[in-house]
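Below is one structure, written out as C-alpha cells; the observations come after it.
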Amino acid sequence: MIDVRKKSKSALIVVDVQIGVMSGAWDANRIINNISRSVERARNQGIPVIWVQHSDDELIHESSEWNLVPELTQNDGEMLIHKHFNLAFEKTGLNEGLISLGVNHIVLAGASTNWCIRATAYGALERGYDLTLVEDAHTTAPIELDGGRKIEAENIIHELNIAMKWLSYPDRANGVATAEKVNFTATAS
C-alpha cells in the first residue's frame, strides 16, 4: 500500500455516469442532478473532479451509450480514466493520478452501486484513502434473481450507504454525506 496519509487534499471521483449505464438505473434523473450538484460544489471549492468511463463487450468504447450523460460535462484539464473492470483502480492510472494531485480523501459518486461504486469504494479504502460516499449521488438497476426473486435498486443503494457509514479500517476515515452536505475540505464524515 502506498502511504497516502501524508497527503491532505480531496478529489471527487465520478464513476460511469454514462448513457448506457444510467438508462436502466433507479431514479436516474434525481441522481444525475445530485452528481451535477456535487461536481459544481467541488469545482467551486477548487477540488479536482476525476471522471471514470467504463467499456467492455456490452458498453463499447466511443459508442453513444458509452458517452457521459448530456447533463454532465468534463471540463478541460479534468482527469479522465478509462477502465475495463469494476474497480476504477484496476489497470488504470487512477492511483498514480491521485498521488500526483496530493489526494488522501476521495469523495465518490456515480454508478453502478453494486458493482463499480462498491468495488471502487473498497479499493480506495484498501489503498489507504479516506472515503466519503455521496449517499444520494449513486444508483444502480434492480437485480433479477433465479425463481423470480428481485433485489430492488433502492435496497442495494441503502445497503452500501450503511456499510460505508459503519465500516472500519485502521487509520482511515469513511462515511457518507448528501450532495448538499459533503465536506470536500475535510476527511470523511
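The values are calculated or read from the model by the stated rules, or taken from the named source; none is laboratory data. Owing to the predicted nature of the structure, the values given are computational and were not obtained by experimental measurement. Note that each Cβ is placed from the backbone with ideal geometry, even for glycine, and that neighbours are counted across all protein chains shown.
For the reader, a short list of remarks on this structure follows.
- Within the set I106, I81, the sole residue that is in a strand (DSSP E or B), within 22 Å of M22 (Cβ to Cβ) and under 11 Å from the mean Cα position of the chain (by Cα) turns out to be I106.
- Answer from T92, T187 - the residue that is at pLDDT below 95 and surrounded by fewer than 22 Cβ atoms within 10 Å (Cβ to Cβ): T187
- Only one of the numbered conditions (1) closer than 18 Å to I32 by Cα; (2) touching a Ser or Thr at 6+ places or on another chain (Cβ under 8 Å) is not met by P142, and that is (2).
Okay, residues lined up against (1) under 12 Å from the mean Cα position of the chain (by Cα); (2) within 15 Å of K9 (Cβ to Cβ):
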residue	(1), (2)
S112	yes, no
I117	yes, no
D136	yes, no
P142	no, no
D146	no, no
Y169	no, no
A173	no, yes
K181	no, no
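- Qualifying residue in segment 170-184 (condition: modelled with pLDDT of 95 or more, among the basic types (K, R) and in contact with a strand residue (DSSP E or B) (Cβ under 8 Å, 6 or more places away or on another chain)): no
- Tally of residues being surrounded by 19 or more Cβ atoms within 10 Å (Cβ to Cβ) and assigned to a helix (DSSP H, G or I) across segment 11-27: 2
- Qualifying position, being small (G, A, S), closer than 25 Å to A153 by Cβ, touching a residue at least 60 places away in the same chain (Cβ under 8 Å) and touching a strand residue (DSSP E or B) at 6+ places or on another chain (Cβ under 7 Å), among A11, A28: A28
- R37 being of a type in the set (K, R), at pLDDT below 95 and part of a helix (DSSP H, G or I): no
- Look at (1) buried (at least 23 other Cβ atoms within 10 Å of the Cβ); (2) modelled with pLDDT of 95 or more; (3) part of a loop (DSSP other than H, G, I, E, B) and you find that L133 fails only one, number (3).
- Filtered by the rule that a residue be loosely packed, with under 13 Cβ neighbours inside 10 Å, in contact (Cβ under 8 Å) with a residue 12 or more places away in the chain and under 20 Å from T132 (Cα atoms), segment 44-79 gives a lone residue, Q45.
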